[in-house]
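Report on the following structure.
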């Protein structure tokens with residue numbers, strides 16, 4: 001579901017429905033975790049600005065998915081990847097829209 005945000009806000013949120021993704025503590029199913037990624041300080045007309053925004057989105061996706069998993073635990077790694085991949089895909093679509101300037105900034109929730 002997408003909600004339009006104020007286009008001048010120059011930020012968007014990455015949202016995932018957490019189901020214990022990559023965390024030691026269990027999370028209630030249906031809980032939505034979000035992170036706001038701000039980019040008003042970036043020039044999205046330049047490749048360097050776009051690269052910084054993509055990096056910020058990647059960091060935010062890790063954060064909303066419970067942080068880096070214990071790479072020795074296949075269960076944690078799988079849960080982390082199941083959370084991170086769709087969150088990144090959704091957020092990168094928003095990045096592409098922001099860069100193209102075709103639509104106002106969006107907030108996504110999964």
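Things worth noting here:
- When you count the other C-beta atoms within 10 angstrom of each residue and take the mean per peptide, 92-100, 61-69 line up highest first as 61-69, 92-100.
- Between residue 89 and residue 44, the distance separating the two model label sites (each 7 Å from Cα on the Cα→Cβ line) works out to 2.2 nm.
- Volume per residue that the Cα convex hull of the stretch 25-97 spans, once the total is divided by residue count, Å³: 100
- The stretch between residue 74 and residue 51, if pulled fully straight at 0.36 nm per residue, gains 5.3 nm over its current Cα-Cα span.
We did not get these values from a lab; they are worked out from the coordinates using the rules stated. Predicted, not measured: the structure shown is a model, and the values here were computed from it. A quick note on method: Cβ atoms are made from the backbone with ideal geometry, for glycine too, and the neighbour counts reach across all protein chains shown.
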